[in-house]
1. Sort out which residues of the range 156-170 are small (Gly, Ala, Ser) and in contact with an Asp or Glu (Cβ under 9 Å, 6 or more places away or on another chain), and write them in order of number.
2. Hey, any hits in the range 134-145 for a residue that's surrounded by fewer than 21 Cβ atoms within 10 Å (Cβ to Cβ), of a type in the set (S, T, N, Q), assigned to a loop (DSSP other than H, G, I, E, B) and in contact with a strand residue (DSSP E or B) (Cβ under 8 Å, 6 or more places away or on another chain)?
3. Would you pick out the residues in the range 261-288 that are more than 19 Å from residue 193 (Cα to Cα), of a type in the set (Gly, Ala, Ser) and surrounded by 15 or more Cβ atoms within 10 Å (Cβ to Cβ)?
4. Out of all the residues in the range 52-65, which are buried (at least 22 other Cβ atoms within 10 Å of the Cβ) and either over 21 Å from the mean Cα position of the chain (by Cα) or of a type in the set (A, V, I, L, M) (or both)?
5. So which of 212, 179, 158 is free of Cβ contacts under 8 Å to residues at least 60 places away in the same chain, of a type outside the set (A, V, I, L, M, F, W, C) and touching a helix residue (DSSP H, G or I) at 6+ places or on another chain (Cβ under 7 Å)?
6. Tell me which residues, restricted to the range 261-292, are at pLDDT below 95 and assigned to a helix (DSSP H, G or I).
7. For residue 221, state whether it is among the acidic types (Asp, Glu), farther than 30 Å from residue 181 by Cα and either without any contact (Cβ under 8 Å) to a residue 24 or more places away in the chain or assigned to a helix (DSSP H, G or I) (or both).
8. Taking only pairs six or more apart or across chains, which ones have beta-carbon atoms under 8 Å, a first residue in the range 21-38 that is in the same structural domain as residue 328 (by TED's automatic domain parsing) and of a type in the set (Gly, Ala, Ser), and a second residue that is modelled with pLDDT under 90 and not in a loop (DSSP other than H, G, I, E, B)?
Amino acid sequence: MSALPYLDTMSINRGSLMPPVAEGMPLSEYSERDASWDYHKAEALEVAAMYATSKAHALRAERMRLCARHLEFVETVDKQTGAVSTKLHHAMFCHNRYCPICAWRRSLFWKAKFHKALPEIMEQYPKSRFIFLTLTVRNMPVNKLRKSLQSMNKAWSRLVKRVQFNAVQGWVRSTEVTRDKNGDCHPHFHVMLMVDGSYFSENYVKHSEWVRAWREVMRIDYDPIVNVKAIKAKNSKSVDLSDAIAETLKYSVKVADLRSSDDWLIEMTEQTSRLRFIATGGVFKDILKSPEEITDEDMIHTDDETETAQDIKRILIFKWSDYSNQYTLRDIHKPLKGIDSPPRGRVRRIPHGATP
């Protein structure tokens, strides 16, 4: 590792002056915007330690421990204003569904993709409205979770074919599993529906009808809890979908629930293995990649922007410190003529047994 001298250099980040950098400088001090990396990395290490208690999950634990151990940031120069901004340029991820780092980056990527696709869709369907729907079932022991989720997925396939979906033009559905104080699971669907403009005047579905429909397609003998609400327009020209998108495309399991019990985490992981937790349909079909299709590059450039070599001022490498429990600056160098980045579309994962 090369020694990093104290650089008597001032950088402009989003138009403001930044202090000089020195070896060992915390990432949170260098860029307040990126301070959350410390938080998510600490969570990932805690979850990895829980997986390590099971021999069957030792490899999963090791890969999660190594996830995003190094972060490369670039300072890019705006050619018009001369302002310097900082962007993540390179990292290697474990791609585990329950890794707090990967779940965070996937969620950012999905949200960015959805927001990018939405304007074009709304141009085609300017009178459409949006509804947020939550579908639940009764809680069950964690060892019954897989069967319940499979039943819910089959029930959803039946639901989209019913009359309640006649006015639905597109939908995004995610699965969330929460843990109650007794350790039982509460699986539920979060669904954002785009409906025809006539929905509230001609094709309106009452709450009681949603309850009845979900009960029938689930083939259960009780009335499940169903929540449905219209997403109101923020003004006469547009609707604010930020909260609905955030709720739909968030983590599948809260980190607090993952950290509640080693045994619960391991059983829940095995129960949900290879089950699909995100789905789209109608005009939203295929606008979101599945977790298996998401690459390191996708999780790095969540804003769908990349850099070119001539835009880069310098590259800063931060490494996680187990001693201080934070990312600290370990090296800095000027960019080469080309950027050493994996091509888009190729999934780069941490090699088995390798240290990134």
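1. Of everything in the range 156-170, just one residue is small (Gly, Ala, Ser) and in contact with an Asp or Glu (Cβ under 9 Å, 6 or more places away or on another chain), namely 167.
2. yes
3. 261
4. Within the range 52-65, 64 is the sole residue that qualifies.
5. Among 212, 179, 158, only 158 is free of Cβ contacts under 8 Å to residues at least 60 places away in the same chain, of a type outside the set (A, V, I, L, M, F, W, C) and touching a helix residue (DSSP H, G or I) at 6+ places or on another chain (Cβ under 7 Å).
6. 291, 292 - these are the residues of the range 261-292 that are at pLDDT below 95 and assigned to a helix (DSSP H, G or I).
7. Answer is no for this residue.
8. The qualifying pairs are 31/13; 31/86.
The values are calculated or read from the model by the stated rules, or taken from the named source; none is laboratory data. Nothing here was measured: the structure is a model prediction, and the numbers come from that model. In this analysis, Cβ positions are derived from the backbone assuming ideal geometry, glycine residues included, and neighbour counts consider all displayed protein chains.
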